[in-house]
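Taking it in order: structure first as C-alpha cells, then the write-up.
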Amino acid sequence: MRVLIVENMEHSDLGQVGVALSETNAEIDLRQPFKGEMLPSSVWDHDALVVFGGEQSAIDDDIHPYLPDLAALMRAFCEADKSVLGICLGSQLLARGHGARNIIGHNAEFGWHEVKLSDAGRGDPVLGAASAAFPIFQWHSDTFTLPENATLLATGPAVENQAFRIGRAAYGMQFHFEAGKRVVEDWNRVFRDQILRLDPAWLDNYDRHAARHADRAEEAGLALARAWVKTIRTGARTDSRGFDEISAVA
C-alpha cells in the first residue's frame with residue numbers, strides 16, 4: 001500500500017492517521033508543495049491520497065499557486081476510485097475540486113467541539129465507526145458549500161458541513177480528527193502566539209478542556225482513521241479515460 005500525503009504548512013502531524021497507516025505497514029510518500037516540492041501528475045503511482053490542513057485558505061492561489069493543481073489531483077484520485085482524505089484545508093480543497101464554493105472567514109472554530117453524524121453518517125463505513133456524536137478538535141475560519149455530488153455525513157452547531165463523502169471513498173472532514181492529545185499539546189507549544197490571539201484563556205484552561213474532551217476525541221479520531229485506511233484498495237489499474245494529464249481547478 002503506497003499513500004501520498006500532502007502537507008500544507010510546517011508542523012503538520014500525521015497523528016492518528018499516521019498511527020492507522022503504520023498499523024498496515026503503508027509506504028508513505030510525503031510531499032510539501034508549500035516548499036516547492038512537486039505534486040504527482042498522475043494518480044497511478046499511489047493507492048490513496050491524504051491532504052492535511054494549513055494556515056492558508058483554499059483559494060489563496062496568489063500566495064500558493066499549487067492549490068488549483070492539488071484540488072484537481074484530489075478530484076482525479078476520487079474519479080479513479082482511489083481513497084481520498086482531506087482534513088480541514090484538505091476538505092475545503094476537496095470541495096473546491098468538485099465545484100463547491102469556498103467561504104472565507106466564516107464562523108471560526110477553535111478547540112474541542114461536538115459534531116453529530118447525519119443519518120447517512122451513521123450508516124457510513126468510515127464515519128459510522130465513531131459514535132453518533134463526539135467531541136473533536138477544530139481549528140479553522142473557512143468553510144464551503146457542499147458539492148452537488150456529495151453526501152453530508154456530519155454537522156456542527158457553528159459550521160454545518162463538517163464531513164462529507166464523494167463516491168466510494170473520498171472523504172472531506174473539516175475537523176482535525178488526526179489531532180490526539182499529543183498533537184494538540186504540541187500545537188499549544190509551537191503555535192502559542194497564534195492560539196493566544198484566538199483564545200487568550202485557552203492555555204490557562206487547557207487542562208480542564210482536555211480532561212473533559214481529549215479521551216473521547218482521541219478514541220473517535222483513531223476509529224475514524226482506522227476505518228478510512230480500510231477503504232484503501234491496492235493494485236488499481238487505469239481505466240480507459242486515464243488521468244495522466246490532470247488539469248488544474250480554476
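Where a number appears in this text, it was derived from the coordinates with a stated rule and is not lab data. Keep in mind the model is a prediction, meaning the values are calculated, not measured. Every residue, glycine as well, gets a Cβ built from its backbone with ideal geometry; the counts of neighbours run over all protein chains shown.
For this structure, a couple of remarks:
- Inverse mean reciprocal Cα-Cα distance (Kirkwood Rh) of region 1-69, Å: 12.9
- Contact order relative to length of region 1-132, as percent, for alpha carbon pairs under 8 angstrom and 6 or more apart: 22
- For the chain, the antiparallel share of DSSP beta bridges with both residues in that region comes to about 55%.
- Kirkwood radius for region 2-229, taken over all pairs of different Cα atoms as the inverse mean of 1/r, rounds to 17.4 Å.
- Its relative contact order, with pairs defined as Cα atoms under 8 Å and 6+ residues apart, puts region 2-229 at 21 percent.
- CD proxy at 222 nm, helix term only [per DSSP H run n ≥ 4: -39500 (n - 2.57); per residue of the chain; nearest 500]: -9000 deg cm²/dmol
- Listed by Cβ neighbour count within 10 Å, with the fewest neighbours leading, THR234, THR151 appear as THR234, THR151.
- Exposure proxy for ARG192, ARG75, ARG208: other Cβ atoms within 10 Å of each Cβ, ordered fewest to most, give ARG208, ARG192, ARG75.
- The Cβ shell under 12 Å around PHE52 holds other residues with a net charge of -4, Lys and Arg each +1, Asp and Glu each -1.
- Per-residue ³J(HN,Hα) for region 86-100, Karplus 6.51 cos²θ - 1.76 cosθ + 1.60, θ = phi - 60°, Hz, x for Gly and Pro: x, 10, 6, 3, x, 5, 5, 6, 4, 4, 4, x, 10, x, 6
- 0 to 90° range, to nearest 10: angle between helix 67-79 axis and the chain longest Cα axis: 70
- Cα-based reach from LYS82 at 25 Å (exclusive), listing lysines while leaving out same-chain residues under 8 positions away: LYS230
- Summed residue charge, Cβ within 11 Å of VAL190's Cβ, Lys/Arg positive, Asp/Glu negative: -3
- Region 85-129 versus region 136-155: alpha-carbon centroid distance in Å: 3
- In the elastic network of the chain, a GNM with C-alpha springs shorter than 10 Å, the most mobile of ALA211, ALA108, ALA100 is ALA211.
- Considering only GluC sites (Glu not before Pro) in DSSP loops that have at most 10 other Cβ atoms within 10 Å, the longest stretch of the chain without any of them is 1-147.
- For region 170-215 and region 8-74, distance of Cα centres in Å: 21
- Comparing ARG101, ARG226, ARG189 in a Gaussian network model of the chain where C-alpha atoms under 10 Å apart are linked, the largest mean-square fluctuation is found at ARG189.
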